[in-house]
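Taking it in order: structure first as structure tokens, then the write-up.
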Amino acid sequence: MAIHLISDLHLHADSPWLGPLFSRTLTQWAGQIDALYILGDLFEYWVGDDDDDAFAGAMVAAMHAFSRQTPLYIMHGNRDFLLGDDFARASGAVLLPDPHPLHVAGRDYLLSHGDALCSDDTAYQQFRSMVRQPQWQQAFLQKPLAERHAIARHIRGESEARKQQYGPDAISDVSADAVAALLAAHPGHILIHGHTHRPAHHQLQVAGQPRERWVISDWHDGSAGYLRLDQHGVSAHALR
Ligand code: LP5
Ligand code: MN
């Protein structure tokens, strides 16, 4: 039994390596593993399943080919929370709720994108609760595609500027309290998430019990990675 997990690829057409590495990896893994889980932010941003962008179409086609051989699961990230049922049909991927429990080879895991755990980032959490409302999403999806792209690019710019301003630490990591609360609600589960771009294996204590939190690597500057779950537990690997 072997499950692979990836997260935070942020696929976009302007990168010479991201799309090709993703397609190549799918071809390599198809039929070789029991399932692939994508824990959010597969795309740089997603403005609706009706987007006719050729690059996104090619990525969706590669996923569809993969999913004919191997189960494919995907969770929303903060960049691609608008992935919907039409995307799921076209890609063959099953959309998962966040968090999602998973049992592999005798161990219990809890999968999440990770943005909901960044509870000290109150501006982001406000933004998140707005854009995750079905009525807000319906209204946004009714706007013309060009306008949606313009809004998404604007918010991306704001987000990058904000990160420059605040620097790398502070609020962009998960809050210890939010992690403890989630683990306390799921006794015995090993937490796996992405989003923070701080790949690591954390061992912590919650309510006097030893617990574990794995953070999946993002794909950036030509470097990429994944986690593997098998009979030995969790292991981190590089991709090329
Ligand atoms: O993504 P990243 O790593 O840069 O930072 C995230 C948080 N930022 C985001 C925003 C995404 O980058 C862009 C999302 C694009 C979605 C496209 C479709 C829908 C567009 C709808 C837009 C209204 O998630 C960042 C966190 C960081 O992770 C670390 O956790 O800090 O959060 C922010 O930067 C907070 C936001 O910047 C708050 C923005 C409020 C602006 C609200 C304007 C509403 C305009 C409405 C126009 C119709
Ligand atoms: Mn994210």
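The values are calculated or read from the model by the stated rules, or taken from the named source; none is laboratory data. Note that the structure is a prediction, hence the values are computed from the model and not measured. So basically every Cβ, Gly included, is an ideal-geometry build from the backbone, and we count neighbours across all protein chains shown. Ligands, DNA and RNA are excluded from the accessible area calculation, which covers all protein heavy atoms including side chains. Shrake-Rupley method; radii C 1.70, N 1.55, O 1.52, S 1.80 Å.
A few remarks follow.
- Residue list for region 1-54, restricted to those being open to solvent by 40 Å² or more (accessible area, probe 1.4 Å) and closer than 24 Å to A146 by Cβ: H12, A13, D14, E44, Y45, D49, D50, D52, D53, A54
- For region 93-124, the tally of residues that are within 12 Å of ligand 1 (Cβ to nearest atom) and open to solvent by 70 Å² or more (accessible area, probe 1.4 Å) stands at 2.
- Test for R153: is it at pLDDT 95 or above, assigned to a helix (DSSP H, G or I) and within 9 Å of ligand 1 (Cβ to nearest atom): yes
- Within region 63-92, the residues that satisfy the criterion of being among the aromatic types (F, W, Y) and either modelled with pLDDT under 95 or away from ligand 1 (no atom under 16 Å from the Cβ) (or both) are F66, Y73.
- Matching residues, region 125-148, being out of contact with any Lys or Arg (no Cβ under 7 Å at 6 or more places or on another chain), in contact (Cβ under 8 Å) with a residue 40 or more places away in the chain and near ligand 1 (Cβ under 9 Å from one of its atoms): R128, V131, Q137, R148
- Residue list for region 175-196, restricted to those being buried (at least 19 other Cβ atoms within 10 Å of the Cβ) and more than 9 Å from ligand 1 (Cβ to nearest atom): V179, L182, L183, H189, I190, L191, I192, H193, G194
- Scan of region 1-32 for residues that are free of Cβ contacts under 8 Å to residues at least 60 places away in the same chain, in a loop (DSSP other than H, G, I, E, B) and at negative phi, ordered by number: H12, A13, D14, S15, P16, A30, Q32
- Qualifying positions in region 42-92 - of a type outside the set (V, I, T), within 16 Å of ligand 2 (Cβ to nearest atom) and either touching a strand residue (DSSP E or B) at 6+ places or on another chain (Cβ under 9 Å) or assigned to a helix (DSSP H, G or I) (or both): L42, F43, E44, M75, H76, G77, R79, D80, L83
- Going through (1) away from ligand 2 (no atom under 16 Å from the Cβ); (2) at pLDDT 95 or above one by one, D169 falls short only on (2).
- Among the conditions (1) more than 18 Å from Y45 (Cβ to Cβ); (2) touching a residue at least 40 places away in the same chain (Cβ under 8 Å), H113 misses just one, which is (1).
- Residues being open to solvent by 10 Å² or more (accessible area, probe 1.4 Å), free of Cβ contacts under 8 Å to residues at least 40 places away in the same chain and under 30 Å from Q125 (Cβ atoms) - total across region 61-87: 5
- In region 156-174, residue nearest to the chain's Cα centre (by Cα) [restricted to those that are more than 9 Å from ligand 1 (Cβ to nearest atom), open to solvent by 50 Å² or more (accessible area, probe 1.4 Å) and of a type outside the set (D, E, K, R)]: P168
- Subset of region 98-133 that is part of a loop (DSSP other than H, G, I, E, B) and more than 16 Å from ligand 2 (Cβ to nearest atom) - its residue that is nearest to R156 (Cα to Cα): Q133
- Flag for G57 being away from ligand 1 (no atom under 16 Å from the Cβ), at positive phi and not basic (K, R): no
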